[in-house]
Every structure is written in structure tokens, then in C-alpha cells.
Amino acid sequence: MHARLEADDAQPIVEVNDLLVQFEGQTILRDIGLSIPRGQTLALIGESGCGKTVLLKSLIGLVRPTHGEVIFDGQNINKLNDRQLTSQRIRFGFVFQNAALFDSMTIGQNVAFPLKQHTNKPLSEIRDIVFQHLKEVGLPESVVWKKPAELSGGMRKRVGLARALVLRPDIILYDEPTTGLDPIMSDVINELILRTRSKYPVTSIVVTHDMRTAQKVADRMIMMYPAPRLKEAEPQILYDGRPDEVEECRDERVTQFVHGEAGQRIEELGAFIGD
Ligand SMILES: Nc1ncnc2c1ncn2[C@@H]1O[C@H](COP(=O)(O)OP(=O)(O)OP(=O)(O)O)[C@@H](O)[C@H]1O
């Protein structure tokens with residue numbers, strides 16, 4: 001039993017092999033190879049439109065690869081039928097950029113929603129789980145009767161995190177968790193990502209444009225580059241390493257991105273400011 005557990009732990013939770021995704025002949029992802037060990041917190045960075053969301057959607061089977069495969073917990077998700085896919089998808093928790101709460105429901109109903117949809121737990125237990133998770137993300141019990149519109153952006157994000165956690169996911173996908181928040185609330189969210197990881201044995205993928213978030217929460221950082229602008233045979237992942245070692249990367253596309261410098265891009269975009 002013990003040996004089996006060790007073997008399972010050694011197997012990456014996600015493996016992407018030779019992934020190619022094209023839409024109407026346009027290549028968005030090419031030759032992506034990625035192995036994510038269990039428990040890792042991976043920050044995924046890269047400029048707008050480089051394919052981060054398409055990669056996340058590929059991981060959960062919402063985008064079908066043109067070529068290659070995605071293995072989730074030992075199963076090729078591209079070979080699963082709809083029912084099997086749904087049962088795998090509930091092992092993912094999503095924290096969306098805009099929290100994606102149901103406006104017509106109360107906060108309590110929002111957090112309870114996945115439990116009602118996917119479990120047969122009695123209402124009293126659901127209630128307890130909702131209160132416990134609101135507490136974990138630092139929200140008072142009184143928010144349970146409020147509607148999302150009555151909460152600040154930071155509070156809504158925390159409700160989104162509580163909702164993502166109630167089914168005890170194996171993997172959490174955070175989509176730009178700090179976008180639109182002030183620096184203090186951004187740090188609150190970063191702390192919650194870290195605390196979630198230390199409390200639960202969860203694997204996390206954090207899509208972010210915020211270097212402070214990447215450097216604070218992640219064990220590993222990957223920077224993607226838009227496929228159409230790559231040189232032939234160049235890998236699409238330009239950086240794969242520790243966030244705090246990114247300064248040592250020799251590729252100036254990486255360091256410019258990290259420092260927020262336009263570099264060559266201003267010329268490539270054909271931007272014109274009269275001189
Ligand atoms: N279903 C689709 N059909 C056609 N093109 C698509 C589809 N989904 C995404 N794309 C294209 O794929 C490219 C990558 O989009 P994606 O949303 O993954 O970028 P991103 O890196 O997540 O950007 P952002 O940081 O702005 O969210 C874009 O050019 C987009 O227009």
C-alpha cells in the first residue's frame with residue numbers, strides 16, 4: 001500500500017505531450033511539452049494572446065488538440081467520453097478573473113452550488129462547509145445572505161476561491177487572481193493562494209501578469225510566447241524555471257516581459273508617434 005502511494009505521488013498530475021492546437025489553420029500552441037508534479041504551484045505568464053487560456057482549456061478537455069495529448073492523473077483526457085470528462089473536471093477548481101459568481105444568487109448559494117450539483121450531502125452539512133470555507137478566505141458569516149453586487153472586487157474573488165475549494169479539488173486553476181485589485185488586496189489573495197497550498201495537498205496553476213504574484217506564490221514559472229512570432233523550431237516556452245531566477249535568463253524577450261519593457265515590440269506593432 002505504502003509503495004503504491006509513493007508510486008502515485010511520483011506520477012505527475014498533468015502531462016502534456018507534443019501539443020499542437022490550431023484554429024482555422026492558425027497555430028496557437030505548438031510542440032508544448034509540460035509535466036506538472038503533484039503539489040506544485042506553477043505560474044503561467046506571457047503576453048496577451050500567447051495562448052495561456054487555450055492551454056488551460058486543453059488541460060480540461062475544453063479544447064481538443066490538433067495533435068498531441070494531455071494526460072491528467074494517468075488518463076488521456078482526449079479519449080474520455082462526456083460523462084468521464086465531467087467526472088474528471090470536478091477535480092479541478094476554477095478561480096476566474098471576474099470571480100464569475102451568479103449575480104441572482106446569494107453568496108451562500110454561490111458557494112453551495114458545486115456541492116448541490118455534484119454531491120448528495122444533506123443541507124445541514126452543506127451549510128457547515130459553506131461557513132467553514134467563507135471563514136477560511138477571511139469573510140464574515142454575514143456575507144452569506146448578500147448578493148455579489150454588494151461585495152467589493154476583492155471580496156468577490158475570495159468568494160470565488162471559497163467556491164473553488166468546496167469540492168476539495170486536486171488542482172486549482174487561478175485566472176489572473178489579482179487583476180484589478182489594489183496592492184494590499186492583491187497580497188491578501190497571494191497569501192490565500194499560499195495558505196490554501198499549505199492546508200490542502202493541491203496542485204495550482206496561476207495565470208498571471210503580476211510578477212509579484214508569480215514570485216510570491218509559485219515554485220515554478222513558465223513564460224509562453226505567441227506561436228506566430230517564434231522563429232522556426234524555437235520552443236514556445238521561453239522560460240521554465242524558478243521565478244526568482246528569471247533575471248538570469250539570457251533571452252531578452254523574457255527579461256523585457258518581466259520588467260514590462262516594450263523593447264522591439266513597439267517597432268513590430270508599427271506604432272507611429274510622429275517625430
Ligand atoms: N475558440 C477559438 N477559436 C479561434 N481562435 C481562438 C479561440 N480561442 C482562442 N483563440 C485565439 O487563440 C489566441 C490565444 O488566445 P488566449 O485566450 O489563449 O490568450 P491568452 O494568452 O490567454 O491571453 P490573455 O492574457 O489576453 O487572456 C488568440 O489569438 C485568440 O484569438
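For the chain, the longest principal axis of the Cα atoms and the long axis of helix 183-199 meet at an angle of about 70 degrees. Put a dot 7 Å past the Cα of F23, heading toward its Cβ, do the same for Y200, and the two dots end up 3.0 nm apart.
In units of 2.2 N^0.38 Å, what is the alpha-carbon radius of gyration of region 98-168?
Details: Rg = 10.8 Å, N = 71, 2.2 N^0.38 = 11.1 Å.
This ratio for region 98-168 stands at 0.98.
Using a probe radius of 1.4 angstrom, the carbon and sulfur fraction of the accessible surface of the chain is 51%. A Förster radius of 45 Å, combined with the Cβ-Cβ distance separating A233 from S152, puts the computed FRET efficiency at roughly 0.40. With R₀ fixed at 51 Å, the C-beta to C-beta distance from D103 to R250 puts the FRET efficiency at about 0.60.
Positive-end ranking of C249, I107, I193 along the dipole of the chain, with charges on Cβ about the Cα centre, is headed by I107. Here is the tail figure for the chain: Cα pairs spaced more than 24 Å apart come to 54 percent of all pairs.
Below 23 Å Cα-Cα, how many Lys pairs turn up in region 41-139? Only count pairs eight or more apart in sequence, or on different chains, if you could.
Values: K52/K79; K57/K79; K116/K135; K121/K135.
For region 41-139, qualifying lysine pairs total 4.
Seen against the Cα atoms of the chain and their longest principal axis, helix 123-136 is set at about 50 degrees. Reported to the nearest whole Å, the Cα centre-to-centre distance from region 82-119 to region 136-192 is 14.
Listed by chain and number, the aspartates and glutamates placed with their C-alpha closer than 15 angstrom to that of K146 are D103; residues fewer than eight positions away on the same chain are left out.
Kindly report the accessible area of region 98-168 per residue (heavy atoms of protein chains, probe 1.4 Å, no ligands, DNA or RNA), in Å². Walk me through the numbers on the way to the answer.
Values: 3720 Å² over 71 residues.
About 52 Å² of surface per residue is accessible.
Computed with every protein chain present, the accessible area of H259 is close to 90 Å² [probe 1.4 Å].
A simple charge model with +1 on the Cβ of Lys and Arg, -1 on the Cβ of Asp and Glu and nothing else charged puts the dipole of region 170-232 at about 200 debye relative to its Cα centre.
Any idea what the dipole of the chain comes to, in debye rounded to 20, about its Cα centre with Lys/Arg Cβ at +1 and Asp/Glu Cβ at -1? If you can, show how the numbers build up before the last one.
On the way: 33 positive and 38 negative charges, 287 e Å.
Taking the Cα centre of the chain as origin, the dipole is about 1380 debye.
The values are calculated or read from the model by the stated rules, or taken from the named source; none is laboratory data. Just so it is clear, the structure is predicted and the values come from calculations on it, not from any experiment. In this analysis, Cβ positions are derived from the backbone assuming ideal geometry, glycine residues included, and neighbour counts consider all displayed protein chains. The accessibility values were calculated without ligands, DNA or RNA, using every heavy atom of the protein model including side chains. Shrake-Rupley method; radii C 1.70, N 1.55, O 1.52, S 1.80 Å.
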